[in-house]
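So the structure is just underneath, and the comments pick up after that.
The values are calculated or read from the model by the stated rules, or taken from the named source; none is laboratory data. Fair warning: this is a prediction, and the values are worked out from it, not measured in the lab. In this analysis, Cβ positions are derived from the backbone assuming ideal geometry, glycine residues included, and neighbour counts consider all displayed protein chains.
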Amino acid sequence: MATIELKQVEKKFGENYAVRPVDLTVNDGEFVALLGPSGCGKTTTLRMISGLEAVTGGRIYLNGKDVTWLKASERDIAFVFQFFALYPQMTVRQNIAFPLESQGEKQDVISKRVDEVVDMLRIRPMLKLKPHMLSGGDKQRVALARSLVRRPACFLMDEPLGALDAEFREAMRAEIKRLHIAQHATTVYVTHDQVEAMAMGDRIVVMSNAIVQQIGTPAEVYHDPANLFVANFIGSPGMQLVKGPYADGAVQLPGGSLYPVPAAWRPSLDGATGSGELVIGFRAEAADVAEDGPIAGRVFNTDLHGSYVVLHVDLAGDQLVQVRARRDHEYGIGMPIRFDLNETMVRFFDPKTELALSPALPSRQQHGISRAQDAEVSA
Amino acid sequence: MAITTTVAATQPPPPRARRFELGDSTIQKLFILPTLVFLIVWNIFPLLYSLYLSFTKYSHSGKLPPIWIGTQNYAVLLSDPKVWHAFAVTGMYALLSVSGQALVGFGLALLLRAKFKASGLLTTLILIPMMLSPVIVGVFWKLIFDPLMGIFSYLKFWDPATAPIMLRDHALLGVVIVDVWMWSPFVMLLCLSGLKAIPDYLYEAALVDRAGPWRQFWKITLPQVAPLLLLAVLFRTIEALKAFDVVMGVTGGGPGNTTEMVSIQLYRLVFQGQAQTGRASALAYIMLIVILAVSNVYVWYLNRIKEA
Amino acid sequence: MTASVSSTAQRSFAETGPGTPVVESVRVDQVTPGARTGLTVRLIAAIVVAFIMLIPVIWIGMTAIKSRPDATAVPPKVIFQPSWDGFIGLFTNRTQLSSGALATQKKRTDLSYWEKIALIRGMRILGPSKFVGQLRNSLIISLASTFLAVALGLLSAYAFSRWDIKGKGDWLFFILSTRMLPAVVVTIPIFLMYRALGMYDTHIGMILLYTAFNLSFSVWLLKGFIDEIPKEYEEAALVDGYSRLQAFGKIVLPQAATGIVATAVFCLIFAWNEFAFSLMLTSARARTAPPSIATIQGVGGIEWGSIAAGTLLFLIPVVIVTFALRNYLLRGVTFGAIRQ
């Protein structure tokens, strides 16, 4: 019903890129999150899709139709703003009816649609109020209602939960997702909060500094980040990245420990390291405390997390890594400790190109690894 | 046993002449006193004395002291057709002038709200008429309106020989034109600040909602600017009722009494002819009451805005 | 270790955080050819409007440097030979020479530049006119009253802002209401008062009067500005041991600086342009420029050139101040009107 295609879409101001050329396809009914830190170009990209901002290169297709130079009012989209953008002098009901009235719809159609949408979002008690009387969460509900009432082909949302208090965010998050599923609505959703993107997105587009870093499902960007940025950005905390010289199938870590790389990785790693240095990436849950583990360090701090403990391990005085451990042991501060890395979950990166390296395994099996890890990352 | 206390870590100022430190309440009084003195001597006292005089028969150029005559001054004034005429002239002037200023000022604001090259500079240039001395510029407009020497007669709209002679036939309109020219920038400024306060995303939302430019103007722009526009209108109305400088400059109240506003009539009563100071005070008070009534609307409206 | 791709990509409006520069977004409707003209049209319209609004001012400037016959030419002259006639008429007293005296005057060789020009019109310069003195009066009275109004207003505004003074609301309302009074209402008693005290036609009388009238405006405006400065700064200073006066001087004054300048500009312009009081309460000694420019009479009728010259001189300082301090002005106008 509604697909969005971006072909080499870019945005330049003079010689500076706000968005470097992007290729993206959003399938019908998909929820795609544009994720990245402030200033990475995600909002600009969204605005170009919406027509609120002009592209300086490339083409945008909505349902196969070239809309690159159409105004926002000529595209079949709805836009939800971070600051709600509710018309301050109108009541909630008038706000919601506004898009239909602007199109010249008949009054009975308008009433019917407004009622539908009002019940969907449960804002009936507020119909006669003006926006400034509502709380943030309610304002966003009204904004959502307004976007739904026209039944557009796709929804574009610009950090809609950014202006809300933390306690409302989770509830609204679930509500937006529920709406998305119920409406089977194609949605592009901008956020800087990776937890949000991971929770809501069917696919995530990770951006940084005007460049798309990776496009993939939450599982893919979590388990198989394409580069150092994605590895560090996704996950709380991000993937830990430790650099060290590589020789004879082992990486030397700060503190002197030698980590022998898994056999499956050796061939590609041997061939890849030009500089002789390698970056190991692992998440806290990929590290297992083991008496005979290859990596040695001292416990710097412990965080109790309910069913498990996160140990902050000091490798060599200036590098802290987090290691997940079971609660059954007592870990004292300063205690020496050794751990190993799960060989299916560890990742390697080239320090110069910052790109992820891949083992010489067929891609199917790689995906198999990723899916298996999903179960592990439940704690 | 000595109890040692630690000194606070903050750095106090060098203790110079600490004993001359004035207490808060002294400072309060000191700070407000001069203003109050000015207020009382130059505002309250004159107001009260004026009130007293309005009930007397008195001429400041004569030798006799004021004689109490009760409300006679008021009675005479309120039944004098010339006085009513002056109020009519003032009212008409206020109506025309403020409407003109509102239209032109709002239009200017709509024009200048976008940021284009030199928009700041042009805005400042347009402010200039507001900054000039009304009487001086008013006098100069006499030249502009002069049927023979003035550029007004030579505008492309009409043949110079049959151009309207503002100062003779449409004197009030002439003064209104000068006033609108002078004060539209003020309305423009207020409307501009209102327009600039409208966030862009409101218009973007309206665009996405398929609202055309006229609908956007009607539903977003106008409601947001209306309070400020109204404020400007009220403020200018009060000023227009008090008008003196401009009229004195352009017409001096003439020809005859076609532009004789209340303030001009007052001036004539006091400083020309018989110097009927007592009666003039009464007229001044009548005028004051009218203006106070309008001002009350102004203040009430301001409070309403503050609450919103 | 994080990926560090350095880039100087500028950001669009929606992605800026505090302190980052804002770049105008390029909207589709502004890029497509049809709508691009919107801004250019505005620019042209604005230039035309500004020009029309300034025609009277431009005409003043032109008339000021026209020779006497040119100034009153029928039809009005747009192209002309500039001359100092207007200014000479403004600054000097002259007398028309009879034909005999004229001949004698023409034979003199010690005439100054100005006298030569006066001679063209058949006049001889007697001496400086009153205008210089009046201009001086305007300067003295405006500056002094502005200084007083701002200084006293500042103190009172501070007191009203920081403390709950008995009857504060009433006093503030009273102060506001004095702006509503037409000048003539107050003039009569003040005229009588000044006459009795011997303050009629004195500098000090006018200075105090202007101060009183500017005070209401300055207290209101400054109170608004001071209200915006958080009390916490002074309270911290007081806790640190500073006296109230020191806190006022060190903390409030610098932060209120823009407000003070804005207020001063307005008071200055009001006093500078003031006409009614000056007309009614002064005659020879303390008269300021506005009442007299209106009636510059030379020999043989209204000297438009001189009036224009006087007007021009009088408005030049105001225009300069407007330009130099336009940001303060804008803040003051919108602030004052809304805040009241």
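One table, with the values for the structure above:
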| item | result |
| --- | --- |
| Residue count for region A:334-361, restricted to those that are over 20 Å from A:Leu258 (Cβ atoms), in contact with a Ser or Thr (Cβ under 7 Å, 6 or more places away or on another chain) and of a type outside the set (Lys, Arg) | 2 |
| Output for region C:65-81, where each listed residue is in a helix (DSSP H, G or I) and more than 10 Å from chain B (Cβ to nearest Cβ) | C:Arg68, C:Pro69, C:Asp70 |
| Cross-chain or 6+ apart pairs with Cβ under 6 Å, region A:158-176 first and more than 12 Å from A:Lys139 (Cβ to Cβ), then in a helix (DSSP H, G or I) | A:Asp158/A:Thr43; A:Asp158/A:Leu46 |
| Residue ranges of helices (runs of 4 or more DSSP H) in region C:215-293 with at least 3 members closer than 22 Å to C:Gly153 by Cβ and under 28 Å from the mean Cα position of the chain (by Cα) | C:257-273, C:276-281 |
| Inter-residue pairs, beta-carbon under 8 Å, first more than 14 Å from B:His60 (Cβ to Cβ) and more than 7 Å from chain B (Cβ to nearest Cβ) and in region C:181-201, second modelled with pLDDT of 80 or more and surrounded by fewer than 17 Cβ atoms within 10 Å (Cβ to Cβ), 6+ apart | C:Asp201/C:Ser283; C:Asp201/C:Ala284; C:Asp201/C:Arg285 |
| Entirely in region A:1-96, the strands (runs of 3 or more DSSP E) that have 2 or more residues that are in contact (Cβ under 8 Å) with a residue 12 or more places away in the chain and under 21 Å from the mean Cα position of the chain (by Cα) | A:4-13, A:16-26, A:31-35, A:77-80 |
| Single condition A:Leu241 does not satisfy, out of (1) over 25 Å from the mean Cα position of the chain (by Cα); (2) assigned to a strand (DSSP E or B) | (1) |
| Helices (runs of 4 or more DSSP H) contained in region B:150-268 and holding at least 1 residues within 14 Å of chain A (Cβ to nearest Cβ) and more than 26 Å from the chain's Cα centre (by Cα) | B:200-208, B:213-216 |
| Qualifying position, being under 14 Å from B:Pro185 (Cβ atoms), more than 7 Å from every other protein chain (Cβ to nearest Cβ) and more than 16 Å from the chain's Cα centre (by Cα), among B:Leu111, B:Leu103 | B:Leu103 |
| Region B:151-180: number of residues that are buried (at least 20 other Cβ atoms within 10 Å of the Cβ) and either at pLDDT below 80 or acidic (Asp, Glu) (or both) | 4 |
| One residue from B:Ala226, B:Ala206 being farther than 30 Å from B:Ala171 by Cα, surrounded by 21 or more Cβ atoms within 10 Å (Cβ to Cβ) and aliphatic (A, V, I, L, M) | B:Ala206 |
| Failed condition for C:Ile226, given (1) under 30 Å from C:Leu135 (Cα atoms); (2) at pLDDT 85 or above; (3) of a type in the set (Val, Ile, Thr) | (1) |
| Residues (over 17 Å from the mean Cα position of the chain (by Cα) and not hydrophobic (A, V, I, L, M, F, W, C)) located in region A:155-179 | A:Asp165, A:Glu167, A:Glu175, A:Arg178 |
| Unique match (being out of contact with any Pro (no Cβ under 9 Å at 6 or more places or on another chain), in contact (Cβ under 8 Å) with a residue 12 or more places away in the chain and under 27 Å from A:Ser358 (Cα atoms)) among A:Leu320, A:Leu278 | A:Leu320 |
| Tabulated pairs, region A:233-262, first of a type in the set (Val, Ile, Thr), second in a loop (DSSP other than H, G, I, E, B), C-beta under 6 angstrom, 6+ apart or interchain | A:Val242/A:Leu253; A:Val261/A:Gly249 |
| Qualifying residue in region C:124-139 (condition: out of contact with any Leu (no Cβ under 9 Å at 6 or more places or on another chain), buried (at least 22 other Cβ atoms within 10 Å of the Cβ) and either more than 12 Å from chain B (Cβ to nearest Cβ) or of a type outside the set (D, E, K, R) (or both)) | yes |
| Answer from C:Leu315, C:Leu253, C:Leu238, C:Leu281 - the residue that is in contact with an Asp or Glu (Cβ under 8 Å, 6 or more places away or on another chain) and of a type outside the set (Lys, Arg) | C:Leu281 |
